[in-house]
1. Taking region 167-192 as the search range and keeping residues that are more than 17 Å from the chain's Cα centre (by Cα) and closer than 21 Å to G133 by Cβ, which one is surrounded by the fewest Cβ atoms within 10 Å (Cβ to Cβ)?
2. Suppose we filter K271, K267, K263, K294 for residues that are without any contact (Cβ under 8 Å) to a residue 12 or more places away in the chain and more than 20 Å from A158 (Cα to Cα); which single one remains?
3. Does region 282-296 include one or more residues that are among the aromatic types (F, W, Y), more than 26 Å from Q22 (Cα to Cα) and either modelled with pLDDT of 95 or more or in a helix (DSSP H, G or I) (or both)?
4. Can you pull out the residues in region 157-169 that are touching a residue at least 60 places away in the same chain (Cβ under 8 Å) and over 15 Å from V278 (Cα atoms)?
5. Any chance region 135-144 includes a residue that's in contact with a Gly (Cβ under 7 Å, 6 or more places away or on another chain) and at pLDDT below 95?
6. With touching a strand residue (DSSP E or B) at 6+ places or on another chain (Cβ under 6 Å) and over 19 Å from G307 (Cα atoms) as the only criterion, which of A158, A141 stands out?
Amino acid sequence: MRFSLFPFQITIDSDEYNDYIQYVDRHTNKLIEENVPGKRSLQFLYSSFFGKIVLESIMARGLIQYLQGFFMNTRISKIFIKPFAKKYDVNIDESLHNIGKFKSFNDFFTRKLKDTARPINNNNKTIISPADGKVLVFEKATESMNFYIKDSEFNLPAFICNDTLTKQFKDASMAIIRLAPVDYHRFHFPINCTPSKSLLIKGKYYSVSPLALKKEEMIFEKNKREICLLKNSILGDVLMIEVGATFVGSIVQTYPYGIDVEKGDEKGYFKFGGSTIVLLFKEGRIMFDDDLLKNTKKGFETTIKMGEPIANFIL
């Protein structure tokens, strides 16, 4: 085993940990095994006694995230861009700037894309994915944790930390969009709306990978997150929650709150690391796309790009 702060991985040579993640490619309907950055590190941290000690005492705390974020903003961090992009097949052609223009790894990680890279579905009745990633959808939010851990129920009050909102979204439908480190890490509005100011809920920095979620209950309720209420005249209120994770330097909001925004407008971005966006819709207001529901019920995430449809209004 080798542990190093930079490039921030624990490497394990043993075959003891053999978990894997499979997902459905939405466009080909093929089942694919995910190439997980730092997979052995995750398996070590969440599946072994010593790893859990390291996780709780070091990795899930704020200091390591600060050091990681600081380093990834330095010029020397540029040396990781090309190897990372090559290993994980990042499509640089979509980027607004070429690879030589980035001043740091975080500059590359939070890159903007060309306007044509993510077409927005403009059907007024359609809800789009706010980010690139892999999506799960649940007609009832309470069913979501059972996807990861059998007989577990999602703790909505602990996640929202607001009694009024908990009552409003008691029987909410839920979409979970998981962003891996290789994904485009800016996030956008899923509907036309008037957004509130985001509310920060302090927390830790556990991984949001399914490898971690299968081992550590209530990660979503434990992690740092920001909650925003989106007001839509037809759909009503929607909750959009950005969840931080291991090595997420910070969640940055770039939108003007209290002002009308359009579907697809940028809301913010995550600095380095994997992360998650959760959408909560009031009961009976939306219907998720059939393929996403079917794949989730079979136990698989589905690939998604920002701007692609995930649900429709029930009018």
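1. S173
2. K294 is the lone residue from the list that is without any contact (Cβ under 8 Å) to a residue 12 or more places away in the chain and more than 20 Å from A158 (Cα to Cα).
3. Quick first cut of region 282-296, residues among the aromatic types (F, W, Y) only: 288.
Now restrict to residues that are more than 26 Å from Q22 (Cα to Cα): none.
The answer is no; no qualifying residue exists.
4. N162, Q168
5. No, because not a single residue in region 135-144 is in contact with a Gly (Cβ under 7 Å, 6 or more places away or on another chain) and at pLDDT below 95.
6. A141
A quick yes/no check of all residues on (1) buried (at least 21 other Cβ atoms within 10 Å of the Cβ); (2) modelled with pLDDT of 85 or more; (3) in a strand (DSSP E or B):
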{"residue": "L165", "(1), (2), (3)": "no, yes, no"}
{"residue": "T194", "(1), (2), (3)": "no, yes, yes"}
{"residue": "L200", "(1), (2), (3)": "no, yes, yes"}
{"residue": "L230", "(1), (2), (3)": "yes, yes, yes"}
{"residue": "I234", "(1), (2), (3)": "no, yes, no"}
{"residue": "A245", "(1), (2), (3)": "yes, no, no"}
{"residue": "G258", "(1), (2), (3)": "no, yes, no"}
{"residue": "Y269", "(1), (2), (3)": "yes, yes, yes"}
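The values are calculated or read from the model by the stated rules, or taken from the named source; none is laboratory data. This structure is a prediction, so every number in the text was calculated from the model and none was measured. Here Cβ is always computed from backbone atoms with ideal geometry, including for glycine, and neighbour counts include all displayed protein chains.
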